[in-house]
1. Can you pull out the residues in the stretch 37-59 that are of a type in the set (G, A, S) and on the phi > 0 side of the Ramachandran plot?
2. If you scan the stretch 56-65, which residues turn out to be exposed (fewer than 14 other Cβ atoms within 10 Å of the Cβ) and within 15 Å of the ligand (Cβ to nearest atom)?
3. Say we look at the stretch 38-55 and pick out the residues that are crowded, with 16+ Cβ neighbours inside 10 Å and assigned to a loop (DSSP other than H, G, I, E, B); which of these is farthest from the ligand (Cβ to nearest atom)?
4. List the pairs whose first member sits in the stretch 79-96 and is free of Cβ contacts under 8 Å to residues at least 60 places away in the same chain, whose second member is surrounded by 10 or more Cβ atoms within 10 Å (Cβ to Cβ) and among the hydrophobic types (A, V, I, L, M, F, W, C), and whose Cβ atoms are under 9 Å apart, counting only residues at least 6 apart or on separate chains?
5. Looking at N69, N118, N58, which is the one that is farther than 30 Å from V12 by Cβ, among the polar types (S, T, N, Q) and assigned to a helix (DSSP H, G or I)?
Amino acid sequence: MVYRHEFGDEAVKEYEILKGIRKREETISTAQVELQPKYCPICHESNKYNAKFCLKCNFTISIEGAIENRDKESLALKESESQEQELVEVKARMVLLEENASNLLRVVAGITNEVVINTWTDKQGLLQARFA
Ligand SMILES: [Zn+2]
């Protein structure tokens, strides 16, 4: 007579975990996964299984959350670069206006008789007109 041992599902599962064939997490069903809280590694708050960010401290606790953060950061970087470019242009225009004003003062004061008008156009860049 051959002895046959019938393993129950639980026993098979425990055996496979013991032998390193499967990890315990891999033996959990989808329904069970959805019941597992996701603990925040920072503040240890218990969050819903599908939470992107910690409810309590807002720490990123999922890949989806990390992707969301990355997208926001890249958008913010683009905005900041565009604002920086605008600031450079505004500063350049101010320098031109100051030069115009200082030239006009020199004309009025009789230091020079040459009128220089500087302007900036988006298409042609610096344009300068000189009258004597
Ligand atoms: Zn937290």
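What follows is calculated from the coordinates using simple rules that are stated; it is not laboratory data. Note that this is a predicted model, so its numbers are computed, not measured. Neighbour counts run over all protein chains shown; Cβ positions are idealised from the backbone, glycine included.
1. Residues satisfying the conditions do not exist here.
2. K56, C57, N58
3. Across the stretch 38-55, the extreme among qualifying residues is K52.
4. E89/W120; A92/W120; A92/L126; R93/W120; L96/W120; L96/L126
5. Of the residues listed, the single one that is farther than 30 Å from V12 by Cβ, among the polar types (S, T, N, Q) and assigned to a helix (DSSP H, G or I) is N69.
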